[in-house]
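J.: Encoded as structure tokens, here's the structure I'll be asking about.
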Amino acid sequence: MSTIDPLDIFRAEAAELLEQIEQGLLDLEHRLDDRALIDSVFRGLHTLKGSGAMFGFDALAAFTHHCETAFDRVRKGLAPATTDLVMAVLAARDHMRALVEDPAGDYGATGAALLKQLQDAVDGGSGRTEPTAAIDQPETIPAAGAVASTAGDAADKSQMRRWRIRFSLPPDTLFNGTNPLALLDEMRDLGDAEIQVDTSNVPPLDAIKPTDLYLSWVVMLTTDRPRADIEDVFIFVMDEMSLNIEELGPFDPAEPILAWTPAEAVATPAVAAGRMAEPALPPATHAAEKPVHAATGTSQRSEVADSMARRKAESVRVPAERLDELMDRVGELVIAQSRLTQIAASSLDAQLRTVSEEMERLCSELRTTMMVLRMVPVGTLFERFRRLVHDLQRDTGKTIELVTAGETTEMDKTVIERLADPLVHLVRNAADHGLESPEGRHAAGKSEIGRVTLSARQVGGEVIVTIADDGRGIDRDKIRAKAESSGLIPVGAVMSDQEVLQLILQPGFSTAATVTNLSGRGVGMDVVKKTIDSLRGTIDISTRLGEGTTIALRIPLTLAIIDGLLVRVGKGRYVIPLPAVEECLELSLEEDLRSRGRSFLSLRGSLVPFIRLREIFSTGSKPDPYQKIVVVSTGEDRVGLVVDQIIGDHQTVIKSMSKLHDDVSTFSGATILGDGGVALILDVANLVAAGREQEAQLRATA
Amino acid sequence: MMSNLASEHSNPPWREDGELEALTFDIAGETFALEAAIVREILDLLPETAVPGARAFVGSVVNFRGKVIPLADIRLAFGMPSAEVTIDSRIVVVEVDIEGTPTLVGLRTDKVTEVLTLKKSDSEPPPRVGMRWPTELIECLIKRGSSVIIFPDLKAIFAANSRKPAAEAEVIRHPKS
């Protein structure tokens, strides 16, 4: 395997962090006082700064530091979170991304301007000049910022309190790059700290792993700071560590802080620190210790459990091509396995059959697992649009509400990636063309807040992603007029509503009177169509004047595997995607004769055109005496495919056809059968279109 | 014209010392050569699956180690009738660049002979007249003793026969009845 560039790892990590920061900020915009969100944004910024500096992205680290400082103040309650601040940091986030992607780029005054905006936001929010200082000093680290915060905690200042902090870190802490000494130093910065190390867990010398951490600590801290400040010391390790902070009561200078000294602790390492400390504790504290311990212990644990739950969705980053490779292997394994099954079936060896059946089960489980591996919830895609809509509000001056539904619907990762671009176009269109201006909406008697709905749901083997707006709708006559004037359709052509609407998917087609920087150039919908076609999906448009437009993208669940119906035409075997199959019936001899010359079939009262595949494929062989018809459909249109034999259903790994067969539109791919032969997969959409044409011809002649 | 272009692009890719490892094979009584570097495998004949509607010279696909690859017939590309298979018939799998995508293609050959070192000094552009093959599909000729080895221009072969996908829509229409 090739080695991975550490910079790439950082970039991937940074991209995730930036995403997390952005989501946090967007949520924060609506819930300005949500502590958890503020913490999450702060943590993201801090980590980004840290790893940025580690990988040599100094500009990024320096810039991020300012945002972090600003958020640190919010987190400490020194400054309120304001919409301005959120906007400023959102804007700054984009700059951070630029710095990640091209650290050496020339950004001129962008950074300075953003910092100015940030500073204004902080000043405006707190109404004090103090934050300016904090932002102007790049050296200010969070801890130092905390020092400045003492003014805010004036009430606490006289109240020196004593705390006992026990903490232990997981054994792999050092391996992960955390330095416990730095944590101890931070605690020393908080106040008078007596630190005792617990070495009871250190194993005998021969069992020691030099990279593991066996120590834990008990710190007796005398400080005027609140508990939150102590917790902050551990903010980045809290998820993995065990931490117990006990308040021992107000500080009494007369009382000895600790009966033991650190020197003693080091001198007798084998004795557990807890046991040593206990007898020395003042009796009153000792008595009170247990309940206190229990109480804080529980709250602490619930916090830890909370963060554990958040972390539970732990993930491993795997390059997509490795997954694809694995997918290919699994596909080949399945093929080899079905050959084995065939051999076993014709053998009398019971043992071979048992093994073969076992293999079959394992293979099918493996394939299911493999499919799931590639699936991600569509919510990851929808999240990106919150930012887009946020920006669109600014650019269009409309108030837009983005509603998302069905985020948990899962789709193949590659499909989701490729859907991103078309959705951007569609959401932009909805916001720019679809929604009216606030005045327009008011005049039409609608709420001034325009609504764009993004939703996804799974229907059979397809996922339907819809983009709906409650705007003005599409004016069919306008489309017609435009298409006629540009020569796209002949004047007065007879077209169905759906056909008229589909015209907007034509390249270069736009009814927008003015081209804005958002949309109107008529390029977008063309891109949408191309992408959806390449995903083997379809686009349905429905619209009501004055009520809005809904665009539904029907996308197959996965690009890699389909359930298919295996049929035979002449000598060739073909696969028809099962989701498209409606029913199979026999083409009776008399129907066959009767239908000659018109190729229509009467199916429960409706006429269904059918296509004799053997004629299209010029098999040059005699048809089987009892031919079958497979009725396939895409949405509303149906077409019957006449085949010689229906072999059965077949789950199949799709192999794409090479460029040399790009020109063959009848097939969407190929697959390898159990006997090692190749079967071609029929492109149903194309066949149905052919059937529809046939029907139109018939209507024309009728 | 094609040959001039070809020599400018230094194709076939002669090494610095003006030599080239090449695989030679026979088609219709002529000896052809392709640089050995692009040859992936030499196979016995495989069961073929016809692709209705495809161009004749890439009229079928085969299962090559779990991949579905097109099988090209140079005879048909050169406008000759296809031939019966013999005991010596082999498929030479080569990797070529088609419109920017590296693609595995099987070439039907009558017989695979040997791997040779060819010299650039022995090569010359195909004559414009007197050839039984279309010259634009041939990179160069290489003299070897009394015989001549043909170095086909695979890129030109795959490109020259390409059609616009739009024209292909005809294929699925039901024949007028």
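Read-outs throughout are calculated quantities, based only on the coordinates presented, and are distinct from any laboratory measurement. This structure is a prediction, so every number in the text was calculated from the model and none was measured. Because the Cβ atoms are built from the backbone with ideal geometry, glycine has one as well, and the counts that use them run over all protein chains shown.
J.: For q = 0.18 Å⁻¹, what log10 I(q)/I(0) does region B:2-162 give under the Debye formula with an equal point scatterer on each alpha carbon and no solvent?
T.: -1.19
J.: Summarise the partner chain shielding of A:569-581 as one whole number: the mean count of Cβ atoms from other chains within 10 Å of each residue's Cβ.
T.: Other-chain Cβ atoms within 10 Å of each residue's Cβ, averaged: 1.
J.: I've got another one for you. Length gain on complete extension for the stretch A:VAL372 to A:ASP58, per 0.36 nm per residue less the alpha carbon to alpha carbon distance?
T.: 109.1 nm
J.: Taking just the alpha-carbon atoms of region A:1-124, what radius of gyration and Dmax come out, in angstrom?
T.: Taking only Cα atoms of region A:1-124, I get Rg and Dmax of 14.3, 53 Å.
J.: From the P(r) of region A:561-701, can you give the percent of Cα pairs sitting at distances over 22 Å?
T.: 37 percent
J.: Can you return the lysines within cross-link range of A:LYS116? Criterion is Cα-Cα under 21 Å, with same-chain partners fewer than 8 residues away left out.
T.: Hits, sequence-local ones excluded: A:LYS49.
J.: Using the Cβ atoms and a cut-off under 13 Å, what net charge is assigned to the surroundings of B:VAL93, where Lys and Arg are +1 and Asp and Glu are -1?
T.: +2
J.: Moving on to the next point. When only alpha-carbon atoms are used, what values of Rg and Dmax, in angstrom, describe region A:320-374?
T.: 13.0, 43
J.: If you take the Cα Rg of region A:333-410 and divide it by 2.2 N^0.38 Å, with N the number of residues, what do you get?
T.: Cα-based Rg divided by the globular estimate yields 2.13.
J.: Per-residue mean of other chain beta-carbon atoms within 10 angstrom of the beta-carbon, peptide B:52-62?
T.: Per-residue shielding by partner chains comes out at 5.
J.: Would you mind checking which residues have amide H under 5 Å from B:ASP97's amide H? H placed 1.01 Å from N; only 5 or more apart, or other chain.
T.: Under 5 Å from the amide H of B:ASP97: B:THR103.
J.: Sticking with this structure for a sec: Distance from the Cα centre of region B:112-153 to that of region A:399-434, in angstrom?
T.: Cα centroid of region B:112-153 versus Cα centroid of region A:399-434: 57 Å apart.
J.: Say the cut-off is 18 Å between C-alpha atoms; which of A:LYS398/A:LYS446; A:LYS398/A:LYS530; A:LYS571/A:LYS628; B:LYS120/B:LYS143 go over it?
T.: Flagged as over cut-off: A:LYS398/A:LYS530.
J.: Here is a follow-up. Would you give the gap between the C-alpha center of region A:455-477 and the C-alpha center of region A:78-114, rounded to a whole Å?
T.: Going from one Cα centre to the other spans 35 Å.
J.: Within 13 Å, Cβ to Cβ, of A:LEU682, how many net charges do the neighbouring residues add up to if Lys/Arg are +1 and Asp/Glu are -1?
T.: It works out to a net charge of +2.
J.: Can you check what the Kirkwood hydrodynamic radius comes to for region A:376-556, Cα pairs only, in Å to one decimal?
T.: So the Kirkwood estimate lands at 16.7 Å.
J.: Is there a simple number for the mean count of other chain Cβ atoms within 10 Å of the Cβ of residues in A:678-685, and what is it?
T.: Partner-chain Cβ atoms within 10 Å, mean over residues of A:678-685: 3.
J.: Now a separate question. Sort B:CYS140, A:CYS363, A:CYS67 so that the residue with the fewest other Cβ atoms within 10 Å of its own Cβ comes first and the one with the most comes last.
T.: Least crowded to most crowded, the residues run A:CYS363, B:CYS140, A:CYS67.
J.: Give the long-range amide H neighbours of A:THR404: residues separated by 5 or more places, or on another chain, with amide H under 5 Å away, using H modelled in the peptide plane at 1.01 Å from N.
T.: A:LEU454
J.: Evaluated at 20 °C with a viscosity of 1.002 mPa s, what Stokes-Einstein diffusion coefficient in µm²/s does region A:304-461 have when Rh comes from the Kirkwood expression over alpha-carbon pairs?
T.: 108 µm²/s
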